[in-house]
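S.K.: Here's a structure for you.
The values are calculated or read from the model by the stated rules, or taken from the named source; none is laboratory data. Remember, it's a predicted structure, so these values are computed and weren't measured experimentally. Positions of Cβ are backbone-derived with ideal geometry, glycine not excepted, and every protein chain shown enters the neighbour counts. Just the protein is used for accessible areas: all its heavy atoms, side chains included, with ligands, DNA and RNA removed. Shrake-Rupley method; radii C 1.70, N 1.55, O 1.52, S 1.80 Å.
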Amino acid sequence: MGLEEIKFDKDIKVLVTGCAGFIGSNLLEFLLKKNLYVRGLDNLSTGSLKNINKALEASSGKSGNSNFDFINGDIRNPETCKAATGDIDIVFHEAALGSVQRSIENPLDSNSSNIDGTLNMLFASHKNNVRRFIYASSSSVYGDTPVLPKVEDMPVNPKSIYAVTKLTAEYYTRLYYNLYGLETVSLRYFNVFGERQSPDSIYSAVIPLFLKKINEDSRPVIFGDGEQSRDFSYIDNVVYANCLAATSENKKAFGNFYNVACGKRISLNEIIRLLSEYYDKDIEPVYKEERKGDVKHSLASLEKIREDLGYSPLVGFKDGLAELISKF
């Protein structure tokens, strides 16, 4: 089954937190195409209104009817969370303060956004009788354990403040199913990339930073020797996993947690070689000192999510990279 075959009950109402961010805006766009009512929540600290311009224009009546309402608000405010979850059936909780490096530099901000903010959303969702809560967790919870691939039941060993915040919020999410019956599913994203991923921050992900440097005729920067490898996953795969989690009737999924990835890994040096082929030029990166908190290798096992949710990646790395380059 692919994205277009995903079926939602036509009368459900959904909330996407972090709707103006990279992942949230792509998810929002797909849900609106499904003719669902979607409420978006974002404080615009890292997201951008340009990511949701089409939805905003439609909601203002400039381009036809719209099922979209936007709340400019912060998940750290309990009253905002209460208002946002009112009359909602499914919450896609994408809002977070991302980046390992940002969390090391500003641990209090990461803690308040990712832990307190998630707990606020869970509390409000339970009080407002939300049926299902899909939480965006992270592969960073595994840390730098040498065992590959990463299997969901292996011991976790977070190396950064960011990883600790994502894992702590994941525990809260599971408990809200076990204690209160809120149908929760946690999705551990592995290195997502795709359209609308900003290259304009020192905390930006590696692939958009590479592409920006190349388009500026500058040399991409690699922290470390470039042999570190990641299980990069194109954005369509993440949207697909979220929709499967939101529509699944498999009770094994509730309170559970799943890897979301491609099940293959590639090194940063290999990506540079691929980009050299795509751009037909010899790209020479600048190598700098390895950063604290970064893991060396990451690779996901997809056995559990395939069995419980029916997930298989829709787009492989090379095809996803080519698609992104065409839109960058």
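S.K.: Roughly to the nearest percent, how much of the accessible area of the chain is carbon and sulfur, given a 1.4 Å probe?
M.R.: The nonpolar share, carbon plus sulfur, comes to 47 percent.
S.K.: Right, here's the next one. With every protein chain left in place, what is the accessible area of Asp109 in Å² (1.4 Å probe, nearest 10)?
M.R.: 70
S.K.: How much solvent-accessible surface does Met1 expose, in Å² to the nearest 10, with a 1.4 Å probe and all protein chains in place?
M.R.: 140
S.K.: Give me the percent of DSSP beta bridges within the chain that run antiparallel, rounded to the nearest 5. Don't skip to the end; give the middle numbers.
M.R.: Details: 2 of 40 bridges.
Bridges in the chain that DSSP calls antiparallel: roughly 5 percent.
S.K.: I'd like the orientation of helix 117-127 relative to the chain: the angle between its Cα long axis and the longest Cα principal axis, in ° from 0 to 90, rounded to 10.
M.R.: 20
S.K.: Same structure, new question: Can you flag which of Lys33/Lys318; Lys50/Lys318; Lys150/Lys318; Lys13/Lys82 are past 24 Å Cα-Cα? Mind dumping the intermediate values first?
M.R.: Working: Lys33/Lys318 26 Å; Lys50/Lys318 27 Å; Lys150/Lys318 22 Å; Lys13/Lys82 15 Å.
Listed pairs above 24 Å: Lys33/Lys318; Lys50/Lys318.
S.K.: Grab the beta carbon distance between Leu3 and Glu289, set R0 = 41 Å, and tell me the FRET efficiency rounded to 0.05. Display every interim value, and only then the final one.
M.R.: Numbers: r = 41 Å, r/R0 = 0.99.
Using R0 = 41 Å, I get an efficiency of 0.50.
S.K.: Right, something else. Heads up, I need the accessible area for Arg219: 1.4 angstrom probe, whole protein in place, Å², nearest 10.
M.R.: My reading of the accessible area for Arg219 is about 130 Å².
S.K.: Multiply the residue gap between Phe328 and Val147 by 0.36 nm, knock off their C-alpha separation, and tell me the result in nm, one decimal place. List each step's numbers first, then the result.
M.R.: Details: separation 181, 0.36 × 181 = 65.16 nm, distance 3.48 nm.
The span from Phe328 to Val147 would gain 61.7 nm if fully extended.
S.K.: Right, here's the next one. Take the Cα of Ser48, step 7 Å along the line toward its Cβ, and report every residue of segment 14-32 whose backbone nitrogen sits under 14 Å from that point.
M.R.: Under cut-off, by backbone N: 20-23, 25-26.
S.K.: Further question: Can you sort Thr80, Thr165 by solvent-accessible area, 1.4 Å probe, largest first?
M.R.: Values: Thr80 30, Thr165 0 Å².
Heavy-atom accessible area, descending, gives Thr80, Thr165.
S.K.: Ranked from highest to lowest mean number of other Cβ atoms within 10 Å per residue, what is the order of the peptides 4-17, 42-55?
M.R.: Details: 4-17: 16.6, 42-55: 18.4.
My ranking of the peptides, most packed first, is 42-55, 4-17.
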